[in-house]
Every structure is written in C-alpha cells, then in structure tokens.
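The values are calculated or read from the model by the stated rules, or taken from the named source; none is laboratory data. Please read all numbers here as calculations on a predicted model, not as lab measurements. Every residue, glycine among them, receives a Cβ derived from its backbone with ideal geometry; neighbour counts consider all protein chains shown.
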Amino acid sequence: MSRGKYTAGKRARDIAKSKKKQEKAEKRWVKREEGTHAIPIADVVEVTGDQPDVKEATPAERAAMGAKTIPCRLFVGSLSWDTTDDDLTTAFGEYGKVAEAVVVNDRDTGRSRGFGFVTMANRKDATKAIDELHESELQGRVIVVNVATERSR
C-alpha cells in the first residue's frame with residue numbers, strides 16, 4: 001500500500017538521488033580541504049630525463065639540443081577536397097624531413113575539411129617550407145601555411 005502520491009519505487013529513487021547528492025557534496029568538500037597542495041609538482045629530472053644541463057653539456061650535445069632540432073607543427077589551409085596525407089608529405093618533403101602530415105576529415109561525411117597539419121622534423125626546415133609554400137599553388141588551390149597555434153576552448 002502506498003502513502004499519499006508516492007509509490008515505494010518513487011521513494012526508493014528519491015532516497016538514492018539524495019544519497020548520491022550527499023556523496024557528491026562530500027567529495028567536493030574533501031577536494032576543497034586538500035586545496036592546491038595536493039597537486040604533485042614535477043621534479044626537473046622527471047621532466048628532462050637524462051638530458052644534461054646546457055651548462056654541463058659538451059659542444060656536440062649542445063648542438064644536438066639546439067632549437068633547429070625541435071619539431072615544428074604547421075597549419076595548412078585552403079586545401080583541395082582531393083588532397084591526401086601523402087600529397088602533403090610529398091609537397092613539404094622537398095623542404096626537409098616530414099615527421100607527420102594529416103589532412104583533417106569531417107567525422108560525419110569522411111570528406112576533407114580543407115585544412116591539415118604538417119609536423120616538420122626541425123624548425124629550420126619548417127621556416128623554409130613556410131617561406132616557399134605560403135600562398136603557393138597545390139592541386140589548383142592557393143594554400144595558406146603558418147605555424148600552428150593552440151586553439152582556445
């Protein structure tokens with residue numbers, strides 16, 4: 001027999017809902033109590049690994065750690081719908097080693113969205129590729145080539 005407008009099932013759901021709400025509030029309170037000191041701070045050795053400090057490195061190691069060996073990601077826009085990853089690799093491969101080339105496709109249709117990203121093995125080759133390929137023609141389209149920036153969300 002039920003009491004008033006509530007059935008036994010409704011009361012059980014309400015109890016479960018309030019219990020969940022209470023647990024969530026308790027978790028939130030615990031996190032507030034911990035504060036920011038609970039975030040572990042990485043040690044320099046963890047981040048850099050076994051790489052020597054620039055001051056301690058030999059001249060050969062310093063040259064290997066230079067900015068020219070740092071990979072650079074480039075944005076390539078205004079691509080033809082028919083452009084593939086291999087086409088980008090071929091076009092940018094003339095200016096240096098290409099670590100990765102990706103044409104971004106639409107999730108629903110699978111068709112190219114008209115832009116992509118190319119990761120060059122080092123920055124020196126990337127600047128050369130930007131200078132040569134920006135506003136040049138690729139598969140009948142004038143393409144845009146810039147250094148890729150992180151998108152704000």
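Since Ser80 meets every condition but one in (1) small (Gly, Ala, Ser); (2) without any contact (Cβ under 8 Å) to a residue 24 or more places away in the chain; (3) in a loop (DSSP other than H, G, I, E, B), which condition does it not meet?
(2)
Mind listing whichever residues of region 100-125 are of a type in the set (Gly, Ala, Ser) and exposed (fewer than 14 other Cβ atoms within 10 Å of the Cβ)?
Passing the criteria: only Gly110.
Within region 111-137, work out how many residues are at pLDDT 90 or above and either assigned to a loop (DSSP other than H, G, I, E, B) or farther than 13 Å from Leu74 by Cβ (or both).
8
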